[in-house]
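These notes are about the structure you will find just below.
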Amino acid sequence: MPDFSALDGQGGQLPPRWSRATRWAVGVGVVLMVVVGIMLLFLLTMATNNRLSYERNYNWLFAANVLVAGLLLLVLLWGGLRLALRLKRGRFGSKLLLKLAGIFTLVGLLPGLLIYVVSYQFVSRSIESWFDVKVEGALTAGVSLASATLDTVANDMANNTRTAGLQLSQVSDAGAALMLERIRDQIGASDVVLWNASGKAIASAGKSQFSLAPERPSAQMMRSLREQGGQRAVSSIEGLDDADDLPAGNAAINAKVRTLALVPSSAVNLLEESRYLQATIALPETLVRNALAVQEANREYQERALARAGLQRMYIGTLTLALFLAVFGAVVLAIVLGNQLAKPLLLLAQGMRDVARGDLRPKPALSSKDEIGGLTRSFAVMTQQLADARSDANRNLLQLDAARSNLQTILDNLTSGVIVLDSDGRIVLSNPGATRILREPMAVFQGKHLREISGLQDLARVVQEQFELFFGDPASQQGRERWQQVYELDAGDGDVVHNTTSLVMRGAELPDAQRLLVFDDISEIVSAQRAQAWGEVARRVAHEIKNPLTPIQLSAERMAMKLTDKLEPAEQALLTKSVKTIVDQVAAMKRLVDEFREYARLPAAKLQPMDINALVTEVLQLYGEENATVRVEASLDENCPMIRGDSQQLRQVIHNLLQNAQDSTAQRAQETGQTPGVVTIETRWVDAAQRVRLSISDSGTGFAPNILQRAFEPYVTTKTRGTGLGLAVVKKIADEHGARVDLGNREEDGIVQGARVSLSFQPNEGDQAG
């Protein structure tokens, strides 16, 4: 019986072959059924020839059949129970195995039942036909005929013996021996004995003459002879009862007729003792054999007639047992064959389930040479190919991920901004450089149009126009792989408007109708170029202007000295006034030249770790209430780490910004006639940006839009007497420190409430806010 647990559909592996114990069990069961079946066939074959052997072996053979049938039934019940439990638990393959077992069972059961019904009817009718009335009458007549024939032969022999006895009536006892020889020859007897009334043998002929004690007549024969009054002879057939114990060929050897006749007394001697003539005559062998055959046939017929119901039950029982063995064997073979047929199918199904789950480990395959075995091997090869393909795909994916990671690393570390747009202008990809340059969290706007980002509408329009021109004019693309454009970006965040950012943008086409936008912030380059240019201008202007200033001043003073007391009072007053104007303007020109020279000769910053809060506190000592016309308030963040900077230059930056803030606040108070506001200076650690921010806010008039765009250029100022170099110096020093400068207006409800200037410094390496 196969092991049903081997066909486990819940992830278990199917064994490629049965276990050794299972193969032994199946082999022994098959051999046992074959042996029992052969014995049944042999017994049914011998039943008609040897009834005694059939009856003698029937009981133990019936018991053996019942035992085998019971074992097969237990095996079937066990297998059915296991299959039912598997089906109830929903084990994979249970329905297929049940269907195959049912099909094979029906294939074996239906023909077996048909043969059984036909055989049952045949056996029943055959047994009944054996005991026909005519057959019974014929056998009875045959037995009667044989008996009558034997009786007739015996009577004839008895009459012959009585006739021969008449010949001895005149013979004396002494001469009886010779007469007995003649009589033996006459009647064909094998033995003749003459007896007296006392039972003594007088004379004999044949075998008895060599015996000291010849066999005496039986008392039954003597009594029958006396009852007849000695007028007739009596006979007795002997040896027929012993024929059954003799071999079939010698059944009539001892069959004989013993006759006994009274020998009449002579008339001379009436007192002579009675004598009896006994003759033993062998019966004809053919007659005896036929008589015994008829008698035996009649006896067997009567016995079988009496045991007809038992014989029928015996045949039907044997046939039923044979059917049970055949059916049970067919069911077992059905399960075995169903198992063998279902195993490769379940193997394939389980493999498919594993592949569907992504399990591409090597699959077992059958070694059989049929098509199903080839299919399992092909499936195993296919699974291995899939595993190799997936391994290659995973390796390629890893390489692709590595390349993508490298590309992402490159993009993340590029100082340039990179944005990938689709054909509709939606953002597909951006790098941190784009976020830093545009000052917008570009990753948040992925999937949106560039024009939907506040402050970048004009940039989106310019980019769209450039791409349309690039793609719309095929002639313009000849010899070009990209377009390039310089753009001035005015960005803002809330109430602060940053300084203008100069961008150089480049655009190119990507696969899948995508577009690549790369831009760099060249504001520092432009600012440096402008500063360098203005420095050169300032140096030359200072050189060209300073030389004539002293002669002009000396000439005016000498003129005043020479003409003093020589002019009329009115003219003297005009001269004094004019000379004073000349001297004052020359002094103003000298101061302007000195500022130009200072801007042009601004030394390189010497960066060292420093505390920005300590520097602010030191500078604020010069802006106390007793020294300042506008009050200055400070808000310092204790979490600010150390920065790297030049304390002298940063002190100059703070002085310039505080002075500008006070001047703007005082100017607004003068214009509005209100009390001057306050100037606020604060430091703050911005954890998100990892920067230290220094901000100075005032309550003045703020920056005009035209001034805001060019605030860091030299000679751009809103003061009536300013040189416009203050913010230019601040920007130059900030660039030396790697700091970013932001400036803008403070607004409330759309009304400008003042200006704010912020510088963002990187913390000193190794320092960070706690």
In the stretch 397-413, the residues that are acidic (Asp, Glu) and closer than 18 Å to Ser430 by Cβ | Asp412
The one condition Ser367 fails out of (1) surrounded by 12 or more Cβ atoms within 10 Å (Cβ to Cβ); (2) in contact with a Gly (Cβ under 7 Å, 6 or more places away or on another chain) is (1)
Note down all Cβ pairs under 6 Å where the first residue falls in the stretch 173-197 and is in the same structural domain as Lys256 (by TED's automatic domain parsing), the second is assigned to a loop (DSSP other than H, G, I, E, B) and surrounded by 14 or more Cβ atoms within 10 Å (Cβ to Cβ), and they're at least six residues apart or on different chains.
-> Met179/Leu168; Met179/Val171; Val193/Pro214; Ala197/Ser274
Which listed residue, of Leu592, Leu574, is at pLDDT 80 or above and outside any loop (DSSP other than H, G, I, E, B) | Leu574
Would you check if Arg721 is under 21 Å from Asp521 (Cβ atoms), modelled with pLDDT under 80 and more than 60 Å from the chain's Cα centre (by Cα)?
-> no
Tally time: how many residues in the stretch 344-377 are out of contact with any helix residue (DSSP H, G or I) (no Cβ under 7 Å at 6 or more places or on another chain) and part of a loop (DSSP other than H, G, I, E, B)?
-> 7
Report, by residue number, each residue of the stretch 207-223 that is closer than 21 Å to Ser169 by Cβ and either in contact (Cβ under 8 Å) with a residue 40 or more places away in the chain or surrounded by fewer than 18 Cβ atoms within 10 Å (Cβ to Cβ) (or both).
-> Pro217, Met222
For the stretch 641-657 the number of residues that are among the charged types (D, E, K, R) and touching a helix residue (DSSP H, G or I) at 6+ places or on another chain (Cβ under 8 Å) is 2
Look at the stretch 168-203 and say how many of its residues are surrounded by fewer than 16 Cβ atoms within 10 Å (Cβ to Cβ) and part of a loop (DSSP other than H, G, I, E, B).
-> 12
Across the stretch 493-527, which residue is surrounded by the most Cβ atoms within 10 Å (Cβ to Cβ) among those that are at pLDDT below 65 and of a type in the set (A, V, I, L, M)?
-> Val497
Enumeration of residues in the stretch 405-437 that are closer than 16 Å to Leu516 by Cα and among the hydrophobic types (A, V, I, L, M, F, W, C) = Leu407, Ile410, Leu411, Leu414, Val418, Ile419, Val420, Leu421, Ile427, Val428, Leu429, Ala434
Do you know which residues across the stretch 595-609 are at pLDDT 65 or above and surrounded by fewer than 14 Cβ atoms within 10 Å (Cβ to Cβ)?
-> Ala604, Lys606, Gln608
Here the qualifying pairs (Cβ atoms under 7 Å; residues six or more apart or on different chains; first in the stretch 393-411 and within 22 Å of Ala443 (Cβ to Cβ); second surrounded by 11 or more Cβ atoms within 10 Å (Cβ to Cβ) and of a type in the set (S, T, N, Q)) come out as Leu411/Asn431
Based on what the data block shows, is Leu348 surrounded by 16 or more Cβ atoms within 10 Å (Cβ to Cβ), more than 30 Å from Leu516 (Cβ to Cβ) and of a type in the set (A, V, I, L, M)?
-> yes
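Just one of Glu440, Glu465, Glu452 is loosely packed, with under 15 Cβ neighbours inside 10 Å, of a type in the set (D, E, K, R) and either at pLDDT below 85 or over 20 Å from Gln485 (Cα atoms) (or both); which is it? Reasoning before the result, please.
Details: Glu440 fails: loosely packed, with under 15 Cβ neighbours inside 10 Å; Glu465 fails: either at pLDDT below 85 or over 20 Å from Gln485 (Cα atoms) (or both).
Of the residues listed, the single one that is loosely packed, with under 15 Cβ neighbours inside 10 Å, of a type in the set (D, E, K, R) and either at pLDDT below 85 or over 20 Å from Gln485 (Cα atoms) (or both) is Glu452.
The values are calculated or read from the model by the stated rules, or taken from the named source; none is laboratory data. Everything numeric here is computed off the predicted structure, so don't read it as measured data. Positions of Cβ are generated from backbone atoms using ideal geometry, with glycine treated the same way; all protein chains shown enter the neighbour counts.
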